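The structure appears right after this line, and notes come after that.
The values are calculated or read from the model by the stated rules, or taken from the named source; none is laboratory data. What you see is a predicted model, and the numbers here were worked out from it, not measured in a lab. With ideal geometry, Cβ positions are generated from the backbone for all residues, glycine too; neighbour counts draw on all protein chains shown. Ligands, DNA and RNA are excluded from the accessible area calculation, which covers all protein heavy atoms including side chains. Shrake-Rupley method; radii C 1.70, N 1.55, O 1.52, S 1.80 Å.
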2 protein chains.
Amino acid sequence: MEPGSIRSYLDSFSYRDWQESDEDAGPVRFAMVGLGWWTRDEAMPAVDRSTFCETTVVVSGSAEKAEEVAAEHEIVEAGLTYDEFRAGERRDAYDAVYICTPNAKHLEHVEAAANHEKAVLCEKPMEATVERAEEIVDACEDGAATAMIAYRMHTEPAVRRARELVRAGVIGEPVHVHGDMSQSIVDWGADQWRLDPELAGYGTSVMDLGIYSINTARFVLDRDPTTVQSMMHSDHEFFSEVPDEVAAFTVAFEDGVYATCTASQNAAQDSHLRITGSEGTILIEPAFHGESRLELAVDDASVAGDGPEVDQMEEEFDYFADCVLSGREPEGTPAHGLVDMRTLAAIYESADSGERVEV
Amino acid sequence: MEPGSIRSYLDSFSYRDWQESDEDAGPVRFAMVGLGWWTRDEAMPAVDRSTFCETTVVVSGSAEKAEEVAAEHEIVEAGLTYDEFRAGERRDAYDAVYICTPNAKHLEHVEAAANHEKAVLCEKPMEATVERAEEIVDACEDGAATAMIAYRMHTEPAVRRARELVRAGVIGEPVHVHGDMSQSIVDWGADQWRLDPELAGYGTSVMDLGIYSINTARFVLDRDPTTVQSMMHSDHEFFSEVPDEVAAFTVAFEDGVYATCTASQNAAQDSHLRITGSEGTILIEPAFHGESRLELAVDDASVAGDGPEVDQMEEEFDYFADCVLSGREPEGTPAHGLVDMRTLAAIYESADSGERVEV
């Protein structure tokens with residue numbers, strides 16, 4: 001690569017290579033369903049800063065909470081309960097629905113949004129089980145609207161650049177991948193839906209964190225999982241209902257590329273994704289906690305890249321809105337997300353049986 | 001940690017905390033058995049620079065090679081064939097034997113050295129199979145001499161400092177580990193003993209490279225393996241006789257600490273060992289290719305450490321000689337190495353059966 005092209009590569013590090021709409025297109029008006037801290041502290045501020053989106057409706061299980069959040073935001077026109085949302089109240093006030101509730105509650109809200117023929121942006125993992133995720137796929141196919149699972153790494157610049165480097169053969173043929181996402185949720189207390197299998201699904205660390213390594217490896221490698229194996233266990237009392245306080249799992253992708261991963265909800269915060277190829281390596285670290293940095297090493301030389309910092313949620317919402325506005329399908333469709341759900345289920349099955357499981 | 005103590009920690013980064021002998025002790029005189037490039041280019045120069053060791057005898061399958069190498073080194077008194085070595089020729093000219101031959105040839109040379117009541121430093125992996133490794137243990141127990149498997153990471157300063165940090169609880173309780181050692185041996189051609197199961201044993205990448213992640217994790221964690229699972233495959237024609245051109249494997253250690261690892265003899269050179277604990281992480285990278293660098297991260301702070309560069313082989317030989325001179329047992333005894341051999345065998349068995357295997 002010539003010096004000029006490195007300069008140009010760095011200048012365009014955070015460039016929205018995916019954007020098709022003009023800056024003045026939109027807005028896509030969102031109903032925010034589920035008003036936990038992620039929606040209020042991450043998603044809504046990102047939407048406020050975004051190019052193509054605005055929040056016009058907020059929806060909660062609690063009428064008080066919906067009204068309180070609505071009152072805090074001048075641009076929000078209405079605060080609804082889940083029942084009111086399901087019944088189609090104020091359906092003219094929004095174009096799209098962002099669903100950020102416990103996993104096992106996604107399906108009912110997706111079905112409501114599809115019934116109202118709205119676009120759907122649904123948090124990952126899609127649902128609590130493969131069967132319910134399949135119902136989401138069906139509901140979205142029956143409804144007419146754009147649907148996407150909220151994989152914020154798909155529009156993280158470091159991840160997109162990594163994918164370009166892999167596609168261009170800069171590290172040769174991919175050989176193996178290491179992925180980790182760990183954090184501690186113990187400080188948040190025992191009363192969390194992520195520790196309750198009725199709401200979280202098969203478990204907590206792989207469902208909530210491991211999915212980042214799985215889906216990002218899949219995205220960067222342009223390959224789907226074929227086989228998995230795993231080990232997991234829980235010791236801490238908070239994790240007595242879920243099998244995976246900590247988990248180690250390997251996902252074999254097409255062409256025999258192995259991604260060997262860890263995830264824990266009771267460890268120091270850490271995240272990385274490393275792709276080793278026949279000719280070089282790409283390291284993304286930190287990877288999944290909101291700011292990502294890329295390092296490329298080929299032979300004895302290495303370059304590190306991080307462009308102007310982006311807000312991953314802002315990029316995600318604008319990408320989704322851009323798909324809605326341009327009428328194209330996002331990469332992270334429900335059918336795409338279903339592959340992850342099957343992979344997650346296989347990982348939990350393998351941990352239980354001690355055997356390798358095909359996805 | 002106070003500023004003064006950090007300064008003092010850095011100053012002593014490469015300090016030989018293990019050394020008991022005075023600088024003028026010795027020398028321990030070595031017979032070098034197996035005169036491949038590792039012995040000639042790495043081991044013998046390290047011995048030349050060492051504090052406690054010297055090379056007085058060289059042993060090869062070829063009389064010409066033995067004489068040629070002997071002639072190149074003024075300090076070497078004799079060049080012997082394997083037969084002459086086995087027969088005990090010049091046995092008064094050396095105190096210890098360094099064995100660096102194809103894995104499946106270790107046993108015969110260990111037995112000869114033990115018969116001559118010499119100290120034994122035997123390369124890893126110990127042998128081609130668990131059964132033959134057990135015979136090495138028996139032979140060394142029958143002979144009177146000090147015996148050690150050549151784990152050069154045991155005296156790598158970054159590894160010793162990492163172990164101290166783990167023992168001191170600086171990263172809390174260990175939760176999981178990532179390990180990788182990869183390199184490309186394809187440029188060396190098809191005719192290599194590492195690609196021949198008769199000489200290498202169960203395979204190539206896990207036997208030759210994966211053992212670094214396994215043993216170093218074991219050493220740093222102060223825990224032994226309990227269970228393993230793995231996947232591996234070979235595509236390249238050079239690897240048609242061995243199952244593991246690339247491998248991904250997980251080793252569960254005592255207390256449920258998972259080490260998830262990769263190894264490939266046909267990938268870009270890469271090595272790292274990362275230990276994530278409940279309170280922080282330790283990264284050693286590069287880890288296993290001759291120069292190691294340590295990074296400790298706790299909360300939002302991190303420190304990186306690499307002391308005065310050491311020669312890993314020089315440290316290893318001096319450590320072994322120091323054990324011989326002080327009459328104490330090294331950590332890497334044959335019984336210690338046998339645990340790795342059982343772990344390696346279990347990893348190959350798991351890859352074959354698709355099932356988790358207890359060590």
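I'd like to check something: does the range B:66-83 contain any residue that is open to solvent by less than 10 Å² (accessible area, probe 1.4 Å) and of a type outside the set (A, V, I, L, M, F, W, C)?
no
Of all residues in the range A:180-203 being surrounded by fewer than 24 Cβ atoms within 10 Å (Cβ to Cβ), within 14 Å of another protein chain (Cβ to nearest Cβ) and not aliphatic (A, V, I, L, M), which is nearest to B:HIS178 (Cα to Cα)?
That would be A:GLN183.
Looking at the range A:103-113, can you tell me whether even one residue there is among the acidic types (Asp, Glu), touching a Lys or Arg at 6+ places or on another chain (Cβ under 9 Å) and either more than 20 Å from A:SER271 (Cβ to Cβ) or within 14 Å of chain B (Cβ to nearest Cβ) (or both)?
Scanning the range A:103-113 turns up at least one residue that is among the acidic types (Asp, Glu), touching a Lys or Arg at 6+ places or on another chain (Cβ under 9 Å) and either more than 20 Å from A:SER271 (Cβ to Cβ) or within 14 Å of chain B (Cβ to nearest Cβ) (or both).
Can A:ARG91 be described as under 20 Å from the mean Cα position of the chain (by Cα) and not hydrophobic (A, V, I, L, M, F, W, C)?
No; evaluated as a whole, the condition is false for this residue.
Working carefully through the options A:TYR94, A:TYR98, A:TYR151, find the one that is of a type in the set (Phe, Trp, Tyr) and under 21 Å from A:ILE214 (Cα atoms).
On the way: A:TYR94 fails: under 21 Å from A:ILE214 (Cα atoms); A:TYR98 fails: under 21 Å from A:ILE214 (Cα atoms).
The match here is A:TYR151.
Return yes when B:VAL177 is within 14 Å of chain A (Cβ to nearest Cβ), under 24 Å from A:HIS178 (Cα atoms) and of a type in the set (Val, Ile, Thr) and no when it is not. Reasoning before the result, please.
Values: within 14 Å of chain A (Cβ to nearest Cβ): yes; under 24 Å from A:HIS178 (Cα atoms): yes; of a type in the set (Val, Ile, Thr): yes.
So B:VAL177 passes the test.
Given the conditions (1) open to solvent by 30 Å² or more (accessible area, probe 1.4 Å); (2) within 11 Å of another protein chain (Cβ to nearest Cβ), and given that B:GLU309 satisfies all but one, which numbered condition is not satisfied?
(2)
Answer yes or no as to whether A:SER62 is modelled with pLDDT under 95 and among the small types (Gly, Ala, Ser). Before the answer, list the steps.
Numbers: modelled with pLDDT under 95: no; among the small types (Gly, Ala, Ser): yes.
So A:SER62 fails the test.
In the range B:262-299, what count of residues is obtained for those that are more than 25 Å from A:GLY172 (Cα to Cα), at the interface with another protein chain (Cβ under 10 Å from one of its Cβ atoms) and open to solvent by 10 Å² or more (accessible area, probe 1.4 Å)?
The number of residues fulfilling the criteria is 7.
Picking from B:VAL166, B:VAL177, which residue would you name as being at pLDDT 95 or above and over 30 Å from A:ASP300 (Cα atoms)?
B:VAL166
Take B:ILE211 and decide whether it is closer than 25 Å to B:VAL246 by Cα and either in the same structural domain as B:ALA248 (by TED's automatic domain parsing) or in contact with a helix residue (DSSP H, G or I) (Cβ under 9 Å, 6 or more places away or on another chain) (or both). Steps first, answer last, please.
Working: closer than 25 Å to B:VAL246 by Cα: yes; either in the same structural domain as B:ALA248 (by TED's automatic domain parsing) or in contact with a helix residue (DSSP H, G or I) (Cβ under 9 Å, 6 or more places away or on another chain) (or both): yes.
Criteria met by B:ILE211.
Any chance the range A:231-253 includes a residue that's acidic (Asp, Glu), open to solvent by less than 10 Å² (accessible area, probe 1.4 Å), more than 9 Å from chain B (Cβ to nearest Cβ) and more than 30 Å from A:GLU54 (Cβ to Cβ)?
Quick first cut of the range A:231-253, residues acidic (Asp, Glu) only: A:235, A:237, A:241, A:244-245.
With open to solvent by less than 10 Å² (accessible area, probe 1.4 Å) added as a condition, the list becomes A:244.
Checking which are more than 9 Å from chain B (Cβ to nearest Cβ) leaves us with A:244.
If we keep only those that are more than 30 Å from A:GLU54 (Cβ to Cβ) too, we end up with A:244.
Among the residues of the range A:231-253, at least one is acidic (Asp, Glu), open to solvent by less than 10 Å² (accessible area, probe 1.4 Å), more than 9 Å from chain B (Cβ to nearest Cβ) and more than 30 Å from A:GLU54 (Cβ to Cβ), which makes the answer yes.
Just to verify a result, which residue in the range A:117-158, among those that are in a loop (DSSP other than H, G, I, E, B) and touching a Lys or Arg at 6+ places or on another chain (Cβ under 7 Å), is most open to solvent (accessible area, probe 1.4 Å)?
A:ALA145
What number of residues within the range A:87-108 are closer than 11 Å to A:THR56 by Cα and either in contact with an Asp or Glu (Cβ under 7 Å, 6 or more places away or on another chain) or open to solvent by 20 Å² or more (accessible area, probe 1.4 Å) (or both)? Steps first, answer last, please.
First pass over the range A:87-108, keeping only residues closer than 11 Å to A:THR56 by Cα: A:90-97.
Cutting the leftovers down to either in contact with an Asp or Glu (Cβ under 7 Å, 6 or more places away or on another chain) or open to solvent by 20 Å² or more (accessible area, probe 1.4 Å) (or both) gives us A:90-93, A:95.
Qualifying residue count, the range A:87-108: 5.
Name the one entry in A:SER350, A:SER302 that is more than 30 Å from A:ALA139 (Cα to Cα), assigned by TED's automatic domain parsing to the domain that holds A:ALA247 and of a type outside the set (A, V, I, L, M).
Within the list A:SER350, A:SER302, the selection yields A:SER302.
Report whether or not A:PRO334 is more than 14 Å from chain B (Cβ to nearest Cβ) and open to solvent by less than 30 Å² (accessible area, probe 1.4 Å).
Yes.
Identify the residue in the range B:12-35 that is modelled with pLDDT under 95 and in contact with a strand residue (DSSP E or B) (Cβ under 9 Å, 6 or more places away or on another chain) and, among all such residues, is surrounded by the fewest Cβ atoms within 10 Å (Cβ to Cβ).
Here the answer is B:PHE13.
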